[in-house]
């Protein structure tokens, strides 16, 4: 307030008088405006709420008519595909697949090509046992220390040092028993430890009657496992199951400790260099003097463009490249500036003369499948419509049908039964009915006499148009012309709403699936938007149009009224404030006058 009310001079409760007068002015000037503003704000919220209901209805209709705009998301193309034996073949659909029964005979499935070192890498021979360190065996996992051997129950022990070569270890074995236990390596890299006895002529021969046991629980060295001595010869000897190797995959391949002898790097003129390149399926990999076999394997496996996976088989001591793609195709291999692939036993020759090592690659095979009697050859075990001739159907074969049972029978077949899947359609129809009923119920509530929107001729016209479309007769090329014929009709309890007869809908879908589609959306044939749902969507779209739709116009109108009402309220508040200031000044003046008169009266009374 611009003035202070005292009432001290008169003794009157002037403050209460002013408050009551201002309150009276507010009730006549401001309260009606605020009430109108509240009603407008409620109407705005109600229009927004109803717009959301219409948007939900719009989405439910678009699920059926979407083929007009986007055939890839057409819900009518859903199918159910049952395989008579999913262990042998399955299928999926990526679009509309006609109902059918597809018979499959699988002659063979597609497999991947593999490339493998033609010989064991780092293989031990009689010529290199003096240079091969024992601790480098088993990819560097061989352990030094004590090791025990028992011949006919008598124990003989050796002590293996970190620096011992395999030749040193062999000598220690031979010396420990005075020749009764001997170790040897053959030309194939196989290691053996056997019991021997001395013949009458002084020569040594295998003692087949002896009993030899290797190792004890107290041993420190793992000699038997490091040398792969898993094959027993009677009771008198042990032989390695695989050729023994000194390859160490964790150290530089070009170094002496790797066991991969003879790796070279050279420039284009043949002079020594520090690095080179190997190419796998067109992808280059740089290798140098510090590259280990493990790091090379990681590089290969980390590059999907090479289309191979690399691994090292520590039992057979071979590098293996396995194609990530199936089919009868070679793995392309070449080198530039290094003979690494030669040393790894994957190629032969150098430069223009470099070729795949003979016998190093086992070609994969193509899948051979008879589909409804027609022979199909595929590099992949997933056979698409382009190969099978069945559009949008993808068949995955898993194993030959000749293995169908324990009694192979080449006549065995797998059957794929393809049927339309109505689940999504029925769920979507229920979603539409729920959304439609929600629009009807919400509209009725909001446009009632005490509703937030109140009577609205435009809105009632939209609702009336929608109701007529749900009961109208449609002209189309199908067997159905009304929604009621497929089980969608007005509810007996409330004729303004819809309900679904599930049994009737199931019958309509099963007996004439295409006619149901045509009734709802003619877009499947002509894209003329003449189906009932097409037309209903046109009506809903018009109401939701961002430029001239009902909700846009109604919202703009209400927003304008709210802005105008806020302006009027602001003006009313200004007038009320001025009124309060004016009467406050008047009452203060009255109070001052009364105070002056009282003072004069007191003086006169004192004089008299």
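A short reminder: the numbers here are calculations on the coordinates, not readings from a lab. Here the structure is a predicted model, which means the values were calculated and not measured. All Cβ positions, even for glycine, are placed from backbone atoms using ideal geometry, and neighbour counts span all protein chains on display.
General observations
- The length gained by stretching the chain between residue 118 and residue 352 to full extension, at 0.36 nm per residue less their Cα-Cα distance, is 82.1 nm.
- Potential lengthening of the chain between residue 233 and residue 421 amounts to 61.2 nm, from the contour at 0.36 nm per residue minus the alpha-carbon distance.
- Solvent-free Debye calculation, one equal scatterer per alpha-carbon of the chain: log10 I(q)/I(0) at 0.05 Å⁻¹ equals -0.59.
- With the highest mean first, a sort of the peptides 253-265, 444-456, 591-603 on other beta-carbon atoms found within 10 angstrom per residue produces 253-265, 444-456, 591-603.
- Cα shape, segment 483-566, gyration tensor, a/c 1.5 rule: oblate
- Using C-alpha pairs under 8 Å with a sequence gap of at least 6, the mean separation divided by the residue count of the chain gives a relative contact order of 22 percent.
- FRET E, pair residue 328, residue 268, Förster distance 22 Å, beta-carbon r, rounded to 0.05: 0.05
- Kirkwood hydrodynamic radius of segment 134-239, Cα pairs, Å: 13.9
- Inter-label distance for residue 94 and residue 553, nm, one decimal - labels placed 7 Å from Cα along Cα-to-Cβ: 4.7
- Segment 220-281 shape via C-alpha gyration tensor axes, a/c threshold 1.5: prolate
- Remark on segment 256-362: ratio of C-alpha radius of gyration to 2.2 N^0.38 Å is 1.03.
- Modelled label positions at residue 311 and residue 200, each set 7 Å beyond Cα in the direction of Cβ, lie 5.6 nm from each other.
- Spacing of the two label points (7 Å from each Cα toward its C-beta) at residue 578 and residue 542, in nm: 4.9
- The DSSP beta bridges internal to segment 256-362 are antiparallel in roughly 100% of cases.
- By the helix-only formula, in which each DSSP H run with n ≥ 4 contributes -39500 (n - 2.57) and the sum is divided by residues, the chain has a 222 nm mean residue ellipticity of -11500 deg cm²/dmol.
- Two-site FRET efficiency, residue 295 against residue 52, from Cβ-Cβ distance with R₀ of 60 Å, rounded to 0.05: 0.50
- Gain on full stretching of the segment that runs from residue 38 to residue 19 - 0.36 nm per residue minus C-alpha separation: 4.4 nm
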